[in-house]
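Working notes for the structure below.
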Amino acid sequence: MLTNTLVDVPGFKVGHATNLEAATGCTVVICPSGTVGGVDVRGGAPGTRETDLLNPSNRVEEVSAVVLSGGSAFGLASAQGVVQYLEEHGLGYKSGSGFLIPIVPAAILFDLMIGDSTIRPDATMGYEACENASSDAVAQGTIGAGTGAILGAMRGKEFATKGGIGSASIDLGDGLYVAALVAVNAVGDVLDEQGNIIAGLRGDDGQFVGMLNALRQFAHGFPPRNMESENTVIGIVATNAKLTKSQVNKVAQMAHDGIARAVNPAHTMFDGDTIFALASGEIEADTTAIGAFAAEAMAQAIRNGIRHATSLDGVRAWNEY
């Protein structure tokens with residue numbers, strides 16, 4: 001039975017680790033053996049690990065797992081716990097000299113504004129996320145890497161909207177799937193299927209003001225240094241298509257169109273927008289088709305992340321005014 005989440009792609013597992021009191025967490029996607037990985041970074045303030053290895057010109061193709069984490073740069077430590085878990089379970093890339101090396105790219109988002117900023121995802125939390133990983137429907141909203149996610153934070157959390165983790169999948173027939181998992185923590189507004197704002201910066205009346213309207217005052221100069229603006233959208237698209245490393249990177253590139261459809265504005269200098277792409281190599285498929293549906297899945301996942309989010313630490317969910 002399909003779940004409309006990333007685990008609809010056969011062989012992939014997803015796990016969360018969550019600290020609601022600290023308002024932070026991390027999420028891991030554990031890949032089937034032989035999964036090929038790629039990445040495309042579009043934001044102006046990214047925080048990542050192992051992305052250079054995914055460049056098509058570099059040697060290693062196999063990805064063992066991918067981590068999405070809160071905690072800003074501190075949260076990259078959670079990936080080490082994933083490496084430890086994978087090594088203990090015999091999962092990883094086998095080097096030419098016979099060593100097992102888990103390949104674990106990661107990306108982080110800024111969630112230090114709410115909760116306890118002194119507590120961040122670490123190796124223990126990354127290990128916990130692996131222990132929780134399963135092929136069950138992915139829990140969405142205020143959980144994992146989406147626990148402390150917020151949108152439209154330029155006036156502080158009182159006028160922001162709660163973000164979260166979202167996922168979606170698309171069945172392309174004959175056993176071929178494309179899916180997305182994303183932590184939504186953007187500067188911009190999230191738009192629904194009709195282009196209406198469902199999350200973003202709020203005015204004094206609690207209504208959404210439109211981030212483009214807010215940005216007009218900064219069009220001829222820089223925003224104040226104390227403006228709350230540390231945000232990002234980080235995500236993963238996965239498929240069981242058979243793709244080369246170059247093709248997987250193209251899919252990651254195309255998947256960013258899903259961010260642009262659901263978030264306005266996207267890829268700002270205050271965002272660290274990063275999308276990983278994973279292909280487990282089961283079914284022959286066309287790269288363009290996979291990339292096109294990856295973008296669709298990403299847009300759906302972003303909206304799902306907002307619709308599943310619940311209020312936390314004074315930051316209101318999308319439907320609370």
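The values are calculated or read from the model by the stated rules, or taken from the named source; none is laboratory data. The structure displayed is predicted, hence computed values, not measured ones. Cβ: placed from backbone, ideal geometry, glycine included. Neighbour counts: every protein chain shown.
Brief remarks follow.
- The residue pairs whose first member lies in region 175-195 and is part of a loop (DSSP other than H, G, I, E, B), whose second member is modelled with pLDDT of 95 or more and not hydrophobic (A, V, I, L, M, F, W, C), and whose beta carbons are closer than 7 Å, counting only pairs six or more residues apart or on different chains, are L176/N240; G188/G200; G188/N264; D192/R303.
- Checked against the criteria, E62 does not count as without any contact (Cβ under 8 Å) to a residue 24 or more places away in the chain, of a type outside the set (G, A, S) and surrounded by 13 or more Cβ atoms within 10 Å (Cβ to Cβ).
- Across region 28-73, the number of residues qualifying as hydroxyl-bearing (S, T, Y) and more than 18 Å from G126 (Cβ to Cβ) comes to 3.
- Of residues in region 278-301 being in a helix (DSSP H, G or I) and over 14 Å from the mean Cα position of the chain (by Cα), the one farthest from Q247 (Cα to Cα): E296
- Scoring I275 on the criteria (1) within 12 Å of the chain's Cα centre (by Cα); (2) more than 15 Å from L181 (Cα to Cα) leaves a single failure, condition (2).
- The condition of being modelled with pLDDT of 95 or more, under 25 Å from S72 (Cα atoms) and aliphatic (A, V, I, L, M) holds for V182.
- Listed by first and then second residue, the pairs with beta-carbon distance under 7 Å, at least 6 apart or on different chains, first residue in region 1-23 and surrounded by 19 or more Cβ atoms within 10 Å (Cβ to Cβ), second at pLDDT 95 or above and basic (K, R), are V7/K13.
- Every residue from region 73-115 that is out of contact with any Ser or Thr (no Cβ under 6 Å at 6 or more places or on another chain), surrounded by 21 or more Cβ atoms within 10 Å (Cβ to Cβ) and either part of a strand (DSSP E or B) or hydroxyl-bearing (S, T, Y) (or both): Y85, A106
- If you filter region 244-277 down to residues that are part of a loop (DSSP other than H, G, I, E, B) and touching a helix residue (DSSP H, G or I) at 6+ places or on another chain (Cβ under 8 Å), you find that the one that is farthest from S69 (Cα to Cα) is P265.
- Single unsatisfied condition, V39 versus (1) touching an Asp or Glu at 6+ places or on another chain (Cβ under 6 Å); (2) not in a loop (DSSP other than H, G, I, E, B); (3) not small (G, A, S): (1)
- E230 being under 21 Å from the mean Cα position of the chain (by Cα) and at pLDDT below 95: yes
- Residue within region 122-137 that is within 29 Å of N213 (Cα to Cα) and at pLDDT 95 or above present: no
- Selection status of I302, crowded, with 24+ Cβ neighbours inside 10 Å, out of contact with any Ser or Thr (no Cβ under 6 Å at 6 or more places or on another chain) and over 24 Å from N55 (Cβ atoms): yes
- Selection of first residues in region 200-216 that are assigned to a loop (DSSP other than H, G, I, E, B) and of second residues that are of a type in the set (V, I, T), restricted to Cβ pairs under 8 Å at least 6 apart or on distinct chains, gives the following pairs, ordered by first then second residue: G200/T161; G200/V190; G200/V209; L201/T161; L201/V209; G203/V209; G210/I197.
Here is a yes/no grid of residues against (1) within 15 Å of S311 (Cβ to Cβ); (2) surrounded by fewer than 17 Cβ atoms within 10 Å (Cβ to Cβ):
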{"residue": "T147", "(1), (2)": "yes, no"}
{"residue": "G152", "(1), (2)": "yes, no"}
{"residue": "D171", "(1), (2)": "no, yes"}
{"residue": "N185", "(1), (2)": "no, no"}
{"residue": "G200", "(1), (2)": "no, no"}
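- Residue in region 33-47 that is modelled with the highest pLDDT, counting only those that are out of contact with any helix residue (DSSP H, G or I) (no Cβ under 8 Å at 6 or more places or on another chain) and either aliphatic (A, V, I, L, M) or crowded, with 19+ Cβ neighbours inside 10 Å (or both): T35
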